[in-house]
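Encoded as structure tokens, the structure appears first; notes follow it.
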Amino acid sequence: MCRREFGPLVLTEEAPADGKSSPAQVGSTGPFAGPVWYNSLYWTNFPPLNCFDERQWAQHQDSDFFAGLSELNSDGRLAEQYVTFGAAREDLCQNARMPKASRVLKAEVMQYDGVRDLNWHFPLQSYIPKRGNHTPYEVQSRRFHDNGVINFGLNAEEFSDSVMPVSDLDACITTNDYTGYPGMGYFFTLLRIGGWPYRISKIGTFDGLGEGGRTELNIGMSGYGEQVLWQLLEGGPTHAPTGSEGQMEIQGCQRTGCRYWCQLYDLDWLGPKKDESLAYDPEIPPEKGYVWFRVVDSTVLPSTGKKAVRIQLLEDGIVPAWMDLHFLQVWVGDVPLGYLNEATADVDFDGDFGRVKVFRTLEVVGTPKRLHDMASKNQAAIPMLILMHDFILAEARDKAADICKKGEEEFSIEVHKLITDQKEKVRQAFERKTKSVETNYAIAKSMAINKQRLEKIKARQEVVGKVGEEVKAQLSSEMAKQLPCAAGALICQMQHDVAMGD
């Protein structure tokens, strides 16, 4: 056994050689049953692990851990090692670089398969659904527990907006690689995201398979005929004349583009039953923890050499994630999302806390000089002083952050006020200029109209005067012509009238 700071990472276990069991029943490289083997997979089923990098062995020859690995590999058989999920998580968490960006993600569902400890109230315990069939709360667990992880189902649409499109995640479905006899121990169907394995318990589809166009396949944890899985995901073998000379050839995946869902062992018990007297009465529908995907194509995994079906995750379901409880790091497959800083519940748990905050402190290597004298008198006071010191620093950081936030808010308010005032001044000035332009335009228009009217009147008067002069001249001419005759007639008339009077 090789130990590290957080416990055993490599554990060797020999098979009993009693001479009575056949190699098919007990192989020297075959896994056993039990909690360790249930939570373990052959090393090729995980992403590349730093602990198996022989360059690290050469760089850390003084390390007991790497020296132990070198000793285990003295016969060149280290490649036959199985790795626990906890060891793989620890290896990733210790060697990964966490993103600096802060993200807020919504966990639609969550599940904890560990054993609860009554001596310590785990802060996140109130948010973890209870499980177990008529089992006391303090001993609730099933199968074999894993105390070091909490599994989440993240909101896929929010993940696409905050991190990356879920369709860009490297995902496939395959069966676990193994050594020895496959009928021994556990045999899982895996959903691998970026190389990280999630164990599948059920796969189904609504796209035209089975009675009524829907079907599902319940997958256990023992060896089975893999062909039934590929029949579901790829369709049956099909021949078509696609050869160069029209000869019949076997076609590839026939179910490309079809939509499927799968249920993971890590997210198959999302909460307690509403009525414990019923055999099946879940408080949270299991469908809420389904992973939805679309089949892309068939392939072969380079790390295992086993057949696989490449898939594309969809936003209709959840994105499976895990959080290591030693490091409080959150991952989606082998993609690190960051450290857990705060968790908030959107419902009230019977008066329990609705928010959890995480305060981190650096490991204290030496005693500060200012505490040396006190420590020499009371060694037991050092941890308390350190905790107080860290707590005060954390509170000071929070207070400083609040002050900065408040100052930024006040600054934003003042800037907004100044901008609003200046906008109002500019608007008023523009209105004044607009009104002045409109007034000047109205005056100019009125003057132009009046000028045009006066010119028209003047022209009319000139024409009337001219016509009058012409008429007067014509009348004078006519009167000059007719005046002698008229005068003679008038004289005759006057004479006639005189004569008649006499």
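The values are calculated or read from the model by the stated rules, or taken from the named source; none is laboratory data. Computed from a predicted structure; not experimentally measured. Ideal geometry is used to build each Cβ from the backbone, glycine not excepted, and the neighbour counts take in all protein chains shown.
Quick notes
- Of residues in region 72-89 being among the polar types (S, T, N, Q) and at pLDDT 70 or above, the one farthest from Asn147 (Cα to Cα): Gln81
- If the condition is being among the hydroxyl-bearing types (Ser, Thr, Tyr) and either surrounded by 18 or more Cβ atoms within 10 Å (Cβ to Cβ) or at positive phi (or both), then region 253-276 contributes Tyr260, Tyr265.
- Test result for Gly220, on the phi > 0 side of the Ramachandran plot, at pLDDT below 90 and either part of a loop (DSSP other than H, G, I, E, B) or under 30 Å from the mean Cα position of the chain (by Cα) (or both): no
- Filter result for Gly30 (at pLDDT 70 or above and either in a loop (DSSP other than H, G, I, E, B) or not acidic (Asp, Glu) (or both)): no
- Residue within region 174-181 that is surrounded by fewer than 14 Cβ atoms within 10 Å (Cβ to Cβ), of a type outside the set (Ser, Thr, Tyr) and at pLDDT below 90 present: no
For (1) without any contact (Cβ under 8 Å) to a residue 24 or more places away in the chain; (2) surrounded by fewer than 18 Cβ atoms within 10 Å (Cβ to Cβ); (3) over 16 Å from Tyr260 (Cβ atoms); (4) out of contact with any Gly (no Cβ under 6 Å at 6 or more places or on another chain), each residue gets a yes or a no:
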position: Trp196; (1), (2), (3), (4): no, no, yes, no
position: Glu211; (1), (2), (3), (4): yes, yes, yes, yes
position: Arg214; (1), (2), (3), (4): yes, yes, no, yes
position: Gly223; (1), (2), (3), (4): no, yes, yes, no
position: Glu226; (1), (2), (3), (4): no, yes, yes, yes
position: Trp230; (1), (2), (3), (4): no, no, no, yes
position: Gly236; (1), (2), (3), (4): yes, yes, yes, yes
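- Of all residues in region 40-71 being assigned to a helix (DSSP H, G or I) and of a type in the set (D, E, K, R), the one that is surrounded by the fewest Cβ atoms within 10 Å (Cβ to Cβ): Arg55
- Residue satisfying all of: in region 288-304; more than 19 Å from Gly257 (Cα to Cα), in contact (Cβ under 8 Å) with a residue 12 or more places away in the chain and of a type outside the set (Ser, Thr, Tyr); surrounded by the most Cβ atoms within 10 Å (Cβ to Cβ) among these: Gly289
For every residue, the table says whether it meets (1) in contact with a helix residue (DSSP H, G or I) (Cβ under 9 Å, 6 or more places away or on another chain); (2) of a type outside the set (S, T, N, Q); (3) at pLDDT below 85.
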| site | (1), (2), (3) |
| --- | --- |
| Leu362 | yes, yes, yes |
| Gly366 | no, yes, yes |
| Asn378 | no, no, yes |
| His389 | yes, yes, yes |
| Ala396 | no, yes, yes |
| Glu424 | no, yes, no |
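- Candidate set: region 334-360, residues that are in contact with a strand residue (DSSP E or B) (Cβ under 8 Å, 6 or more places away or on another chain) and β-branched (Val, Ile, Thr); chosen: the one modelled with the lowest pLDDT: Val356
- Near pairs, Cβ below 7 angstrom, 6+ apart or cross-chain, from region 330-346 (of a type in the set (D, E, K, R)) to any residue that is part of a strand (DSSP E or B): Asp334/Trp196; Glu342/Arg355; Glu342/Val356; Glu342/Lys357
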